[in-house]
Amino acid sequence: MLTIVFGLASAVGWGAPDAVLAQAVRRVGAFPVVFGSIVIGTALASPLALALDLPDWTERSLLLAPLVGVLTVIGFQAGFTSFREGAVSVVAPIIACEGGVAALFSIAGGEHLNGLVLLGLPFAVAGVVLVSRGEGESSRAGVVPAVAAALIWGGVLALSAPIAHDLGAGWAFLLVRGSAVVAMLPVALVVGAPRAARVEWWRVAIWGVCDALAYFAFVLAADHGPAAVAGVLAAQFGTVGAIVAVLFFGERLRTRQVVGVGIVALAVGVMAAGSG
């Protein structure tokens, strides 16, 4: 049950500030937002290093964490670029498939799932894809980076689980996001990303805080397991974003989006029952 709770909390963290994120990316570009938000989130979480006991470092975690840190940067860059170049109705459903990709990676890695959980996973993925679809659009702009983002973030979510198992959620977060900052810093200084991020500092800060909380919630969910469930639930940010748009911006959901929300709710209930 904790996997369900933390997985959905992760989706809220990534989905609620979507409007703020989109404005920042369109005004200053993708990389300054990626750099500024990850630096802010990591800096705010850094005191955890003083509060946590040192873990038993494993070769697996020390190899995977830098890799996941780099993939995090590339995945965010691809996703933000797709939203800047393409129609949201085209790229959002593609990126929403990252949870399904993560689940496939986890299952391929040998994770065993309860029958009800296995039944709920594809419905959760299908539901968020329906919710993420907006108005019809035939343009293919942004499709390539959206596909790349879905695949890369599927890998990020799946590979974060063994790091969390080895080190615990706190150290997994710090090692992955610290690696991301180190990987970005030389490029950021060359292209002037810190200066650009300051132009939209408050939007970047909001996204940075929410992203940090979302990823920390995800590693907590993945640590409790199953990682496949954590990944699919974390990818419900599209569902959360649609609900936020209705509640706070007066938008109306299309019929397929309402159906998608219902499918997601049913799938989460089935997986919760399977998780005990």
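The values are calculated or read from the model by the stated rules, or taken from the named source; none is laboratory data. Everything quoted here is computed from the prediction, not taken from an experiment. Neighbour counts are summed over all protein chains in view; Cβ atoms, including those assigned to glycine, are modelled from backbone coordinates with ideal geometry. Ligands, DNA and RNA are excluded from the accessible area calculation, which covers all protein heavy atoms including side chains. Shrake-Rupley method; radii C 1.70, N 1.55, O 1.52, S 1.80 Å.
Have a look at V125, V131, V156, V101 and point out the one that is in a helix (DSSP H, G or I), buried (at least 21 other Cβ atoms within 10 Å of the Cβ) and more than 15 Å from the chain's Cα centre (by Cα). First the steps, then the outcome.
Values: V125 fails: more than 15 Å from the chain's Cα centre (by Cα); V156 fails: more than 15 Å from the chain's Cα centre (by Cα); V101 fails: more than 15 Å from the chain's Cα centre (by Cα).
It is V131.
Just to be sure I understand, how many residues within region 1-51 are assigned to a helix (DSSP H, G or I) and over 30 Å from L116 (Cβ atoms)?
Keep residues of region 1-51 that are assigned to a helix (DSSP H, G or I), which gives 2-15, 18-28, 30-45, 48-51.
Subset that is over 30 Å from L116 (Cβ atoms): 18-28, 30-45, 48-51.
Final tally of qualifying residues: 31.
Could you check, for region 61-82, whether at least one of its residues is open to solvent by 20 Å² or more (accessible area, probe 1.4 Å) and not in a helix (DSSP H, G or I)?
No, region 61-82 contains no residue that is open to solvent by 20 Å² or more (accessible area, probe 1.4 Å) and not in a helix (DSSP H, G or I).
Determine the pairs where a residue that is touching a residue at least 40 places away in the same chain (Cβ under 8 Å) and of a type in the set (F, W, Y), located within region 200-218, has a partner that is crowded, with 21+ Cβ neighbours inside 10 Å and assigned to a loop (DSSP other than H, G, I, E, B) with Cβ atoms under 7 Å apart, the partner being 6 or more residues away or on another chain.
Filtered contacts from region 200-218: W207/P17.
Under 8 Å between Cβ atoms, which residue pairs at least 6 apart in sequence (or on different chains) link something in region 60-84 that is within 15 Å of A164 (Cβ to Cβ) with a partner that is basic (K, R) and modelled with pLDDT of 95 or more?
From residues that are within 15 Å of A164 (Cβ to Cβ), the pairs are G69/R177; T72/R177.
Those residues that are open to solvent by less than 40 Å² (accessible area, probe 1.4 Å) and touching a Phe, Trp or Tyr at 6+ places or on another chain (Cβ under 8 Å), I need them from region 236-263; list them, please.
F237, V240
Among the hydrophobic types (A, V, I, L, M, F, W, C), open to solvent by 10 Å² or more (accessible area, probe 1.4 Å) and within 26 Å of A126 (Cα to Cα): is that true of L48 in this structure?
No; evaluated as a whole, the condition is false for this residue.
Tell me, please, whether a residue that is open to solvent by 40 Å² or more (accessible area, probe 1.4 Å), part of a helix (DSSP H, G or I), in contact with a helix residue (DSSP H, G or I) (Cβ under 9 Å, 6 or more places away or on another chain) and of a type in the set (A, V, I, L, M, F, W, C) can be found in region 159-175.
yes
Regarding region 245-261, can at least one residue be identified that is at pLDDT below 80, of a type in the set (G, A, S) and not in a helix (DSSP H, G or I)?
yes
What are the pairs with Cβ atoms under 6 angstrom where one residue, in region 160-186, is over 14 Å from L64 (Cβ atoms) and the other, located anywhere, is among the hydroxyl-bearing types (S, T, Y)? Sequence gap at least six, or different chains.
V181/T42
Which is farther than 28 Å from G250 by Cα and modelled with pLDDT of 95 or more, of F35, F105?
Going through F35, F105 in turn, the sole match is F35.
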